[in-house]
Ligand code: SF4
Ligand code: SF4
């Protein structure tokens, strides 16, 4: 019996709109898929593309970024900065073999608790259909090819863990 | 008189430029050669693997290793040098972060071999012969190193003590590193032997770099007459200065050439390409998706542009396919 794959989705929600909306969804008792791990940031503009790559590298199957609608940013221009960066990041992800659906940017205002529900549910289903990304597993798999030599060179002495400086 | 310290130079997947940089020490090289005993330097001197194998562990004071790690033979050599040396210095962009060879991490090994031995224009190989790791001929077994599925930085294979950045490192930085080693005044392990500041800090064009770039277009260098004084990014040329470590004294921008990122990032950055995207692309001018995309079209190869020297160190490490 194969178990249903449960995607892990890291969600960065901005404090002023999307996180408030998620809070609203909570107090309104709206039920949605439990697959997102929400990280509250002060502004979607705080989310550096490095965070997105890091989330994938640490095992996320999807990354969702939620911010205020254009024009509504608490810091005036933060979400425009987000949009420009993330358009570029999407091109990069595509070039690295991570296609549409695993990364998503959504504008969700503080009043749109219902949108949090529908976006999370929709994304969970889409990522589920894509299957696991499992980058940590892939890293281990890729490194197998270099580990075989180790014993040979170290004269059969105890295997040292391969280091992966970041 | 005590023995002079023993030093080894080795190259992996390298273009030879890092070796050239050592030779570029010019008369300073005599100081180095006079102060140390070189026990291995494949490009210049004839030593065999057995010579190194015969040495006691840790008997080499420092091994300088350049080039990316691409084959089983290179892995074997660097592991052996690690064992025989007290200090390992990762020398140059290829050893530090994969360098130019790491751009191969955008392709699968099979696709690379197929192109090189079958499809490349000019190849005449009707039997589709490929190098074999092992073959028998007249009772002899011949072996070749194995090509790995991806290109790795040196520290993804062995433990590294210091990093000399650059493609290649500048003679000034090399000399400072050698002097530090010889004097025993060593910084903490893991240090990159170059100032921990962004390149823009030491660029002469810095004062003309606006806080908000508000770019409406990216241009390739042949498409415009470059103003020799003004910040290159402000002129719409991709200059990696904001996401690259200084120490080269902004040689390229000084020569009317944009920085391509060979010194790698500063210590606060985990992923050079993503950081560049973060800092520069938030500041382009448009606000609408389609206008933003039109600006981005000016960069047809984002990976080759933002990770020209560092794809092995991208958090994703290679293209997933
Ligand atoms: S770092 Fe640059 S100079 Fe050194 S081997 Fe690599 S490509 Fe050549
Ligand atoms: S972006 Fe390039 S040209 Fe502009 S200040 Fe920085 S290093 Fe110099």
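The values are calculated or read from the model by the stated rules, or taken from the named source; none is laboratory data. Here the structure is a predicted model, which means the values were calculated and not measured. Note that we place each Cβ from the backbone using ideal geometry, even for glycine, and neighbour counts take in every protein chain shown.
Before moving on, here are some points about what is shown:
- Scanning region B:238-277 for residues that are farther than 19 Å from residue B:194 by Cα, buried (at least 24 other Cβ atoms within 10 Å of the Cβ) and within 9 Å of ligand 2 (Cβ to nearest atom) yields a single hit, B:239.
- Every residue from region B:290-305 that is more than 7 Å from every other protein chain (Cβ to nearest Cβ), touching a helix residue (DSSP H, G or I) at 6+ places or on another chain (Cβ under 9 Å) and in a helix (DSSP H, G or I): B:295, B:304, B:305
- Subset of region B:153-172 (residues that are under 24 Å from residue B:242 (Cα atoms), modelled with pLDDT of 95 or more, within 14 Å of ligand 1 (Cβ to nearest atom) and not in a loop (DSSP other than H, G, I, E, B)): B:163, B:164
- Any hit, region A:73-85, residues being touching a residue at least 24 places away in the same chain (Cβ under 8 Å), crowded, with 19+ Cβ neighbours inside 10 Å, in contact with a strand residue (DSSP E or B) (Cβ under 8 Å, 6 or more places away or on another chain) and closer than 26 Å to residue B:301 by Cα: yes
- Selection of region B:34-76 for residues being surrounded by 13 or more Cβ atoms within 10 Å (Cβ to Cβ), more than 16 Å from ligand 1 (Cβ to nearest atom), within 24 Å of the chain's Cα centre (by Cα) and not in a strand (DSSP E or B) yields B:72, B:73, B:75, B:76.
- Exactly one residue out of B:177, B:211 is loosely packed, with under 14 Cβ neighbours inside 10 Å and either within 16 Å of ligand 1 (Cβ to nearest atom) or in a loop (DSSP other than H, G, I, E, B) (or both), and it is B:211.
- Sole exception among (1) under 20 Å from residue A:118 (Cα atoms); (2) in contact with a helix residue (DSSP H, G or I) (Cβ under 7 Å, 6 or more places away or on another chain); (3) part of a loop (DSSP other than H, G, I, E, B) for residue A:59, by number: (1)
- Residue within region B:98-108 that is in contact with a helix residue (DSSP H, G or I) (Cβ under 6 Å, 6 or more places away or on another chain), within 23 Å of residue B:144 (Cβ to Cβ) and modelled with pLDDT under 95 present: no
- Residue A:89 being in a helix (DSSP H, G or I), within 11 Å of chain B (Cβ to nearest Cβ), buried (at least 21 other Cβ atoms within 10 Å of the Cβ) and touching a residue at least 12 places away in the same chain (Cβ under 8 Å): yes
- Of all residues in region A:94-119, those satisfying the criterion of being more than 8 Å from every other protein chain (Cβ to nearest Cβ), modelled with pLDDT of 95 or more and within 12 Å of the chain's Cα centre (by Cα) are A:102, A:103, A:104, A:105.
- Residue A:21 passes every criterion in (1) more than 14 Å from every other protein chain (Cβ to nearest Cβ); (2) within 24 Å of residue A:132 (Cα to Cα) apart from (2).
- Single unsatisfied condition, residue B:199 versus (1) away from chain A (no Cβ under 14 Å); (2) over 15 Å from residue B:266 (Cβ atoms); (3) near ligand 2 (Cβ under 10 Å from one of its atoms): (2)
- Of the residues making up region B:108-152, those that are over 30 Å from residue B:174 (Cβ atoms), within 14 Å of another protein chain (Cβ to nearest Cβ) and in a loop (DSSP other than H, G, I, E, B) are B:108, B:133, B:146.
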